[in-house]
Every structure is written in structure tokens, then in C-alpha cells.
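Below: one structure, written as C-alpha cells.
The values are calculated or read from the model by the stated rules, or taken from the named source; none is laboratory data. Quick caveat, the model's predicted, so the values are computed rather than measured. Please note: Cβ atoms are built from the backbone with ideal geometry, for glycine as well, and neighbour counts cover all protein chains shown. Quick note on the areas: whole protein, heavy atoms, side chains included, nothing else; ligands and nucleic acids left out. Shrake-Rupley method; radii C 1.70, N 1.55, O 1.52, S 1.80 Å.
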Amino acid sequence: MELGLSAFVIFFAAIFTNNILLTNFLGMCSFLAVSREVKSSLGLGLAVIFVMTCTSALNYLVYHHLLVPLDLVHFRYIVFIIVIAAFVQIVEMVIERFSPVLYVILGIFIPLITVNCAILGVALFMIIRDYSFSQSVAYGAGGGIGWTLAIVAMGGIRQRMKGAKVPRPLEGPGITLIIAGLMALAFIGFTGMIQIQ
Amino acid sequence: MAKSKSMAIFVSGLWKENPVFRQILGICSALAVTNLMMNTLIMGLSLIFVTAMSNLTVSALRSITPVRIRMMVQTLIIASYVIIVDILLKAHLPDISEALGPYVGLIITNCIIMGRCEAFARHNTPWPSLLDGVASGCGYAFVLLTVAFFRELLGFGTVFGVRLMPGGWTNWTIMVMAPGAFFMLGGFIWVARSFGPRDGEKPEGAR
């Protein structure tokens, strides 16, 4: 845990070397369920980037300016969940009201995000690693982009594999996990560059 | 009669409707904590506790919970039990608490628990709900321990920290890193789905 790590470094580390999905396994449920096509993967990915960046900022402020002074840090799980759920709800209403086009693209994905463990995971990691405000926001944005990168790549691979003959018991989640393993293997190639832990 | 029903609930949670390899729920932590048997055991026990207790509570409160806000109520119940587990681990097993890191907190978003509350506890009396929670939790712990057994054995040559492999064994470092987790769980799902009932299974197993 180096405190001198600049926000810029954390941003790139969260995308490549410490990809939130392929090294921390966060957000697997929706990753397995939605990654059948590039189009829907991209939609969900964009929604995740947006929500993750904003909630990591919000959660940072709530944690350091409300929970720590009041000595209520043990309640952070409940508070984070409520912040995330409320934020997602508000975003959904705002988008529906002001941008019908965006609502058509992202609409069905937004409620899914509340239960995406990557969002809560980012908030918890940021507390454990003692990030500053700018570091937290960079980590949230990088994490979201990294997650999107992984799910879009997976969507592309699965689209290509539609005609492939996969052993019956391995169909669906089984083969997706193994492909994810291969992707993780490829991402290990980045690890030498920067390290955050 | 009552006994055979309890038995049926147990079997379905453990194998027929196993949350991990049948319903593909709770994958995040199944991948993240399974590099050491000890961590996995603690995680499994925590999850059994949280699932059982939240099922019990949701079921006990089912007649007075307004339907429209039930998700929020369930989340709060689950989160309260997770906080208890977190505090207990920090106090008594600080090393493991540190190793598990954020994944204890992430039990809240583990879809197994919410799924059981929604699907079972909401419509059943407290006792079967408790049993159902324990069964689902055990099903989860069983898969995790199996995966962890192979990962630790191949990756470190040990089981629960006790050396099992002969002296000349070269550790498969990849097994304790991220890709090993994916391969192992994928392989486990493959083997598990090759046995057992096929009927009622959709061509695309994932939800």
C-alpha cells in the first residue's frame, strides 16, 4: 500500500494489471449472464463505468465525513448498499426524464447494477487500501473501464463461438469460465508494469 | 413425513439445486477465496450462518413485511448478519479476516442469500427456511472446499497447510493465481453437470 501512488497510476493499474474482474473476480454474476453479445455487454459496461465512478466518490465522502467522525464504521456495509441503491434509482429516473434515447440503450441494465458486487467491491477496496479522494475516483473509473473491457471482449468471443461444438455439460457457464481463465492468463502479461495491492 | 421433507430440502440444496454449479450463483467469492483451504472453510461457515439466519428472519417477518419494499428489508437483514460475522472474524481470527479482505462484506451481494430469501423463505415457515438456508450454504461450502482442495494441493502442495506432495513436487503457481480459479471452477462445473439430472435444464444454463 504505497500512499504516494498517483491517481493516474491507479487508474491504469485498475484497468490492466489489477483488472477488477479477471484478478479480483468481482461482478462475475452479471458477467456470466450478460456477456452473450457485444452490444448488450457494451450497454451494461457503460452503465457500470458511470455508476462506479460516481458511487466511489459518494461513498468516499460519506465514509470519511460521516461514518468516521460519528464512529460508525461498522455500519459501512449497510450505508454503502443504501448509497448505491439510491444513486442507481436516481440515475434511472433522471435518464428516463431527460434522455429517452439513453434510457432505451441503458434502461434495462440500470437496475441490474444494484446487485453487481463490483460496485460494492470497489468501495470496500478503496477503504481497505486507504485511498485519498482523487485516488478513489480514479480507482472507480479505472475499475469500471477494466470491467467493461473484459465483458466486451468476452461478448465478442462468445458471439464468435455460437456455432462451435462445446461438450454438453460444459455449455454456458462452464465454457465461459474457462475462456475467462484464458483471458486472465493473457492479462497476467501486464503484471510487471505497475502493481497496486 | 416431516423428517423426509427436511431430508428432501437438504438434498436439493446440496446437489440437485446446488447454488454454485446448478444455478451459477455466488461465483465471485467461489473464485476469490479458494486458494487456501483454511480461508475457504471460514468463508463457507460464514455463508452458512448468514444464509440460515437471514432465511429464518425473513421467514419470521414475512407476514408483516410490505411486499413492495421487501427487497430493501431483505438486504438490510442480510447486511446486519454480515456485520456480525465481520466483527466476529476481526476479533477472533484477525489473520483470516485480513486475507478474506472485502469478500466478507461482499457476502451481502452474494446472490445465493437473496435468492433463497426470495424463492423460499418468503413463502415458508421459519423452521424449513432455516433448514433450506443451511442446506444451500452447505452446497456452496461443499463446492468451494472441493475447488480449494485441488487449488491448494496443486498450487502449494499442501492441504490445510500440511504438506502432502512428495519432495520433488513443483508447485503449479498458476493454480493459486486468478486463471487457475477460473479453470478449476469451469472444470468442476463440467464434471458436476456430467452426472446428475439433466431434465428441466435449459440449453443455456446461466441466468
Exercise for review: Residues being among the polar types (S, T, N, Q) and open to solvent by less than 20 Å² (accessible area, probe 1.4 Å): count how many of those fall in the range B:1-38.
Suggested key: 3
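So, in the range A:161-189, exactly how many residues are part of a loop (DSSP other than H, G, I, E, B) and facing another protein chain (nearest Cβ under 8 Å)?
Residues meeting the conditions: 3.
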Revision key, fill the gap. Taking first residues from the range B:35-52 that are farther than 16 Å from B:R151 by Cβ and of a type in the set (S, T, Y) and second residues anywhere that are assigned to a helix (DSSP H, G or I) and at pLDDT 90 or above, the pairs with Cβ under 7 Å that are 6 or more apart or on different chains are B:S46/B:V85; B:T51/B:G133; B:T51/B:S136; B:T51/B:G137
Point to revise | Qualifying positions in the range A:20-45 - of a type outside the set (G, A, S) and more than 9 Å from every other protein chain (Cβ to nearest Cβ) | key: A:I20, A:L21, A:V34, A:E37, A:V38, A:K39, A:L42, A:L44
Check your understanding: When you scan the range B:40-119 for helices (runs of 4 or more DSSP H) that lie fully inside it, which ones turn up with 2 or more residues that are away from chain A (no Cβ under 13 Å) and loosely packed, with under 15 Cβ neighbours inside 10 Å?
Key -> B:94-100
Review point. Among helices (runs of 4 or more DSSP H) lying entirely in the range A:18-110, which contain 2 or more residues that are charged (D, E, K, R) and open to solvent by 30 Å² or more (accessible area, probe 1.4 Å)?
Key: A:76-98
Point to revise | B:V143 vs. criteria of a type in the set (A, V, I, L, M) and open to solvent by less than 20 Å² (accessible area, probe 1.4 Å) | key: yes
Point to revise | Whichever residue in the range B:146-195 is surrounded by fewer than 16 Cβ atoms within 10 Å (Cβ to Cβ) and touching a residue at least 60 places away in the same chain (Cβ under 8 Å) and, among such residues, is nearest to the chain's Cα centre (by Cα) | key: B:F160
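Is it the case that some residue within the range A:108-119 is modelled with pLDDT of 85 or more and within 14 Å of chain B (Cβ to nearest Cβ)?
Yes.
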